[in-house]
Amino acid sequence: MIYEIGRLCVKIAGRDAGQKCIVIDNLEDNLVLIDGMTRRRKCNIAHLEPLNEIIKIKKGASEKEVGDAFKKMGMDIVAKKAKKATEKPKKAKKVNEKVTKEKAPTKEAKPKKEAVEVKETKAAPKPVKAQKSKTSSEAPAKKKATKKE
């Protein structure tokens with residue numbers, strides 16, 4: 001197999017494209033675990049270009065062992081900083097305080113508008129249009145008149 005453990009490769013796809021890495025483990029037929037100048041992650045072999053060098057390294061080697069192997073070859077690896085676990089900030093609970101009349105801002109009351117009387121008038125009935133006589137095959141459309149009180 002071309003992608004055996006310890007094979008030096010160049011990543012040709014993704015955000016780590018152009019960076020060198022070492023195959024650490026064979027996961028499936030087309031997936032390998034890589035580490036080195038790239039992020040440690042599984043990678044499709046179609047995204048790797050194998051180089052002629054093979055580094056003696058054990059299966060599942062740690063990041064430190066991979067870094068030491070790169071230093072022996074004369075390549076520097078940027079130290080990866082682990083994120084510190086921090087707690088999410090807790091939201092302060094709102095406290096319902098009863099607002100007293102002394103603390104509440106006072107607003108001047110606006111004068112109320114007087115109710116205006118509305119006179120109701122009955123609407124005149126609408127004139128009915130004369131309809132043409134229809135043949136027996138056409139059903140007449142009947143509208144029911146509704147009364148509003």
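Coordinate-derived values only; no laboratory data. Just so you know, these numbers come straight off a predicted model, no measurement behind them. Using ideal geometry, Cβ is built from the backbone for each residue, glycine included, and neighbour counts are taken over all protein chains shown.
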Counting only residues in the range 1-23 that are in contact with a helix residue (DSSP H, G or I) (Cβ under 7 Å, 6 or more places away or on another chain) and surrounded by 15 or more Cβ atoms within 10 Å (Cβ to Cβ), the one nearest to residue 48 (Cα to Cα) is identified as 11
Reported set for the range 19-52 where residues are more than 29 Å from the chain's Cα centre (by Cα) and among the small types (Gly, Ala, Ser) is 36
(message) So for the range 75-93 (the condition being touching a Gly at 6+ places or on another chain (Cβ under 6 Å) and either among the β-branched types (Val, Ile, Thr) or in a loop (DSSP other than H, G, I, E, B) (or both)), does at least one residue qualify?
(response) yes
If we ask which residues in the range 13-39 are of a type in the set (Gly, Ala, Ser) and either closer than 19 Å to residue 59 by Cβ or in contact with an Asp or Glu (Cβ under 6 Å, 6 or more places away or on another chain) (or both), their number turns out to be 1
Within the range 38-67, the residues that are surrounded by 14 or more Cβ atoms within 10 Å (Cβ to Cβ) and charged (D, E, K, R) are 39, 40, 63, 65
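Which of the following residues is of a type outside the set (Ser, Thr, Tyr), closer than 17 Å to residue 76 by Cα and without any contact (Cβ under 8 Å) to a residue 24 or more places away in the chain: 29, 16? Even if it seems obvious, please write down each step before you answer.
Numbers: 29 fails: closer than 17 Å to residue 76 by Cα.
The conditions single out 16.
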How many residues of the range 34-74 are touching a Gly at 6+ places or on another chain (Cβ under 9 Å) and among the hydroxyl-bearing types (Ser, Thr, Tyr)? The answer is 1
